[in-house]
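Working notes, structure below.
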Amino acid sequence: MPLLWLFLGVVAIAAVGYVLGRRRALQSAQGDIRRLHSLPSYYGSNVFIKALVPGIAALLIWLLAQPFYINSTVSGMIPETAIADGSNRGLVMAEVRRTADGLNNAVAVGAMDSNLASDPNADVAVVTQALKDAGQIVTSDITPTVLVAAQSYRAKSNAGRNYMSVLVLLLTVVGAALGLRDSHADFRARNVVEGSVKALLIAAASIAIFTTVGIILSLVFNTLEFFRLYPWTDFFFGLEWAPSFSGRGGSSKLGILPLLWGTFYISIVALAVSVPIGLFAAMYLSEYASPKVRATAKPLLEILAGIPTIVYGLFALLTVGPLLVSVFGKDGLGWMQAGTAVMTAGLVMGIMLIPFVSSLSDDIINAVPQAMRDGSYGLGATKSETIKQVVLPAALPGIVGAILLAASRAIGETMIVVLGAGAAARLSMNPFDAMTTVTAKIVSQLTGDADFASPEALVAFALGMTLFVLTLGLNVFALYIVRKYREQYE
Amino acid sequence: MYDVLHTERNVTQNDVKINAQGVQVYYGDTHAIKDVSVEIEDKTVTAFIGPSGCGKSTFLRCLNRMNDTIDICRVTGDIRIDGEDIYDKRVDPVQLRAKVGMVFQKPNPFPKSIYDNIAYGPRIHGMASSKAELDEIVERSLRRGAIWDEVKDRLQAPGTGLSGGQQQRLCIARAIATEPEVLLMDEPCSALDPIATAQVEELIDELRSNYSVVIVTHSMQQAARVSQKTAFFHLGNLVEYGDTGKIFTNPEDSRTESYITGRIG
Ligand SMILES: Nc1ncnc2c1ncn2[C@@H]1O[C@H](COP(=O)(O)OP(=O)(O)OP(=O)(O)O)[C@@H](O)[C@H]1O
Ligand SMILES: [Mg+2]
């Protein structure tokens, strides 16, 4: 039975259950809704849920588990002798699966007799020819072992499918019956439905969490792999970043410190630009600007947030860099060698972050109750005194949050760095030197043509992991500050 | 009905502190105050009474220009304090509000410590030259606000952590810490228990010796107890204004009589 039909069948049973459950509950109350614990539709939903959930859950679990089970049993059927030199069990199993699929499709389009497809004594050449005629891709000539294995694979899959259909439908019917049995006036159907809604929400939340865990695990495994190939002390404390791409793995120097320093330096410059400007802009917009000005200025500012970072990168490369060179370069103060520098990337990144800071802070400042401002004005405070001493302290937790969010963005930004700050990993105090960051190096390590198992590529995961831990630490710190402040003032 | 006649009353004529003539207030298209004229005397407690929504708070907020902070609010007419037009271009509303303090209908302590809440005004206006002096202002204000005993051990605790009634008394103490000449109080006792109410009323009575106090209240008894003058508002109009004793015993307008005897509200 095709999956879609099975699914529709389950839904149909559940739907019938809904109608029956509703009717049965009404009957048990002699048609008087007031004597029911819950509204009739809740009784229907109760049956619907109890029918649908076990059936669908069984379906999903079976679909996930069956391939593993059949793979392992079938692969046990293939004798060691049937595996050619230079091949391995995995490749043979892939061949088996392809053949099984081919047989299935050939039977489905009618190019092959289903008896032939499952005949263990069939002539291999005949079957191969039939498969080729049916337009099924067969890479090499099928060996008898593979054919037998494929036939068994096919048989097991089909049988599995059938068992699954029976089980799923059975569970659905049993679930519906259980639900129906409960459909009487005293049953608290509403609470059951409420509980299911909650379970659904919890499931949605868990998906987000499990994905995060999955991402972290993949990072962790690759990072551990990297540390098996490269000493962790050199990674964390090495002062030099000089990967070699020639494949002579041992000669690479993969110290993270120059990259961290670059990240830190550029982020500091970016925050030094964006935090004051963004905050002042937010204060003007929320406290001083007339509604008209606010209505035009705020969207304008937010347009900045919609510009793709690559455009900012171009701006850094083509405009800001040359501008800075003309002032601080050879012809000016002589501090700057080329347009790509910490200062260039930091300034442009700061501009990019202004709308983040200002828009978030503006919302937060606006959320401070008017009564608080009135209290201050009522005591004869001026506007700026009120903002400085009442509004900002009240908004501080939110503003700190906004700043840290901007900091995370700065740390994670890549494009502007690649185009604005250059690619040289360097430990230098001069903000007019070219430097690079962790993210930019992750990109360049993975886009090279290095072998994916070499330390030069795997280091990207270690870099990513470090970055992850750093931003996590930043967020935890932010939460700590916010909470401490809240305790004090709420 | 109210034993107003037993209350000692100061009915000698004082100087006029606030003189409002032909005041109109609009919120957008809503006409909230309709041609109100009233003379509020110095060293007197004036009570504003009237049904909910009749414009008591609105009129009170005109007297220290707090309505300026509401965009849609428009005030016309002539309001003079000590003969000076407070809506004149040359008048700085900030300075005006230092002179005309206000306690709001809802308690609104700052998210600061109790101490800083009280010290806020004195600090802004440079009223204390030393820490000791500031400490003294804070203690005196809290005592007058009838909350000193409850908070003296936790002056550094946040003001927002107090109970609603305590917060209201904190706000009263905060308002008197700046030594205003006029104190506007919008239902200061609506969240207070009878003991605290009595203490606040005592404070109001004490303030009368130096200041002019305007109090909005929904309690007839309170108006009768603390005020010398009473103004009755109804639907944005000032219906009747006169000596408290007269308003409560022998009102001229039938609406006033209905209201104070509980027939309209
Ligand atoms: N900020 C505002 N915007 C628009 N209309 C307002 C605003 N404040 C008050 N009003 C309107 O003005 C009228 C008078 O309101 P006000 O707050 O002065 O009443 P009140 O007499 O103080 O009532 P209460 O005794 O309930 O406090 C009401 O009709 C109210 O709807
Ligand atoms: Mg009011």
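The values are calculated or read from the model by the stated rules, or taken from the named source; none is laboratory data. Remember, it's a predicted structure, so these values are computed and weren't measured experimentally. Neighbour counts run over all protein chains shown; Cβ positions are idealised from the backbone, glycine included. Note: areas computed on protein heavy atoms with side chains; ligands, DNA, RNA excluded. Shrake-Rupley method; radii C 1.70, N 1.55, O 1.52, S 1.80 Å.
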### Task
Quote the FRET efficiency, to the nearest 0.05, computed for A:VAL311 versus A:SER72 with a Förster distance R0 of 56 Å and r equal to the Cβ-Cβ distance.
0.60
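Roll a 1.4 Å probe over the protein chains and send me the accessible area per residue for chain B in Å².
On the way: 11410 Å² over 265 residues.
Spelled out: the 1.4 Å probe surface of chain B, per residue, equals 43 Å².
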#### Entry: Acute angle (nearest 10 degrees) that the helix A:40-77 long axis makes with the longest principal axis of chain A, alpha-carbon atoms
80 degrees
#### Entry: Selection from B:VAL226, B:ILE176, A:GLY350 lying farthest towards where the dipole of the protein assembly as shown points positive, charges on Cβ
A:GLY350
### Query
Does anything in the stretch A:414-438 have its amide N under 19 Å from the 7 Å Cα→Cβ label point of A:LYS330, and if so which residues?
A:432-434
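Pull out a ≥ b ≥ c, the square roots of the eigenvalues of the alpha-carbon gyration tensor of the stretch A:3-222, then state rounded if a/c is under 1.5, prolate if not and a/b is larger than b/c, and oblate in the remaining case.
Details: a/c = 4.02, a/b = 2.09, b/c = 1.92.
It comes out prolate by the Cα gyration axes.
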### Task
Send over the Kirkwood Rh of chain B, from the inverse of the averaged 1/r over different Cα pairs, rounded to one decimal Å.
18.9 Å
#### Entry: Calculated FRET value between B:THR249 and B:ILE70, using beta carbons and R₀ = 56 Å, to 0.05
0.90
#### Entry: Dipole magnitude (debye, nearest 20) for the stretch B:51-123, charges at Cβ of Lys, Arg, Asp, Glu
220 debye
### Message
Quick check: net charge around B:ASP186, other residues with Cβ under 10 Å of its Cβ, Lys/Arg +1 and Asp/Glu -1?
### Response
+2
### Task
Using a 1.4 Å probe over the heavy atoms of the protein chains, calculate the carbon and sulfur portion of the accessible area of chain B as a whole percent.
46 percent
### Query
Once the other residues with Cβ under 13 Å from the Cβ of A:ALA155 are scored (Lys, Arg +1; Asp, Glu -1), what is the net sum?
+2
### Query
Rounded if a/c is under 1.5, else prolate if a/b is larger than b/c, else oblate: which is chain A, with a ≥ b ≥ c the root eigenvalues of its Cα gyration tensor?
oblate
### Summary
Percent relative contact order for the stretch A:253-489, counting Cα pairs under 8 Å at least six residues apart, stands at 29 percent
### Accessible carbon and sulfur surface of the stretch A:3-222 relative to its total accessible area, %, 1.4 Å
66 percent
### Task
List the accessible area buried at the contact between B and A, summed over both sides and calculated with a 1.4 Å probe, in Å² to the nearest 100.
1900 Å²
### Query
Between B:ASN237 and A:ASN88, what is the spin-label point distance in nm, taking each point 7 Å from the Cα along the Cα→C-beta axis?
9.7 nm
### Query
Within chain B, what is the number of lysine pairs with alpha carbons under 22 Å apart, leaving out pairs fewer than eight places apart on the same chain?
23
### Query
Under a point spin-label approximation (7 Å from Cα along Cα-to-Cβ), what is the B:ASP78-A:LEU3 distance to one decimal in nm?
8.6 nm
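Send over a whole-number figure in Å² for the accessible area per residue of the stretch A:253-489, probe 1.4 Å.
Normalised by residue count, the accessible surface of the stretch A:253-489 is 44 Å².
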### Query
Which of the residues in the stretch A:362-390 show a loss of at least 50 Å² in accessible area from their chain by itself to the complete set of protein chains, at a probe of 1.4 Å?
A:MET372, A:ASP374, A:TYR377, A:GLY378, A:LEU379, A:GLY380, A:GLN389
### Task
Take the Cβ-Cβ distance between A:VAL443 and A:LYS132 as r, set R0 to 60 Å, and report the resulting FRET efficiency rounded to the nearest 0.05.
0.85
### Summary
Looks like the stretch A:253-489, by Cα gyration tensor root eigenvalues a ≥ b ≥ c and the a/c under 1.5 rounded cutoff (else prolate when a/b is bigger than b/c, oblate otherwise), is prolate
### Message
How charged is the neighbourhood of A:MET372? Take every other residue with its Cβ under 12 Å from the Cβ of A:MET372, and add Lys/Arg as +1 and Asp/Glu as -1.
### Response
+2
### Message
Restricting to DSSP H runs of at least four residues, report the calculated mean residue ellipticity at 222 nm for chain A, -39500 (n - 2.57) per run over all residues, nearest 500 deg cm²/dmol.
### Response
-24500 deg cm²/dmol
### Query
Where in the stretch A:202-220 does the amide nitrogen come within less than 15 Å of the point 7 Å from the Cα of A:PHE452, taken along Cα to Cβ?
A:218-219
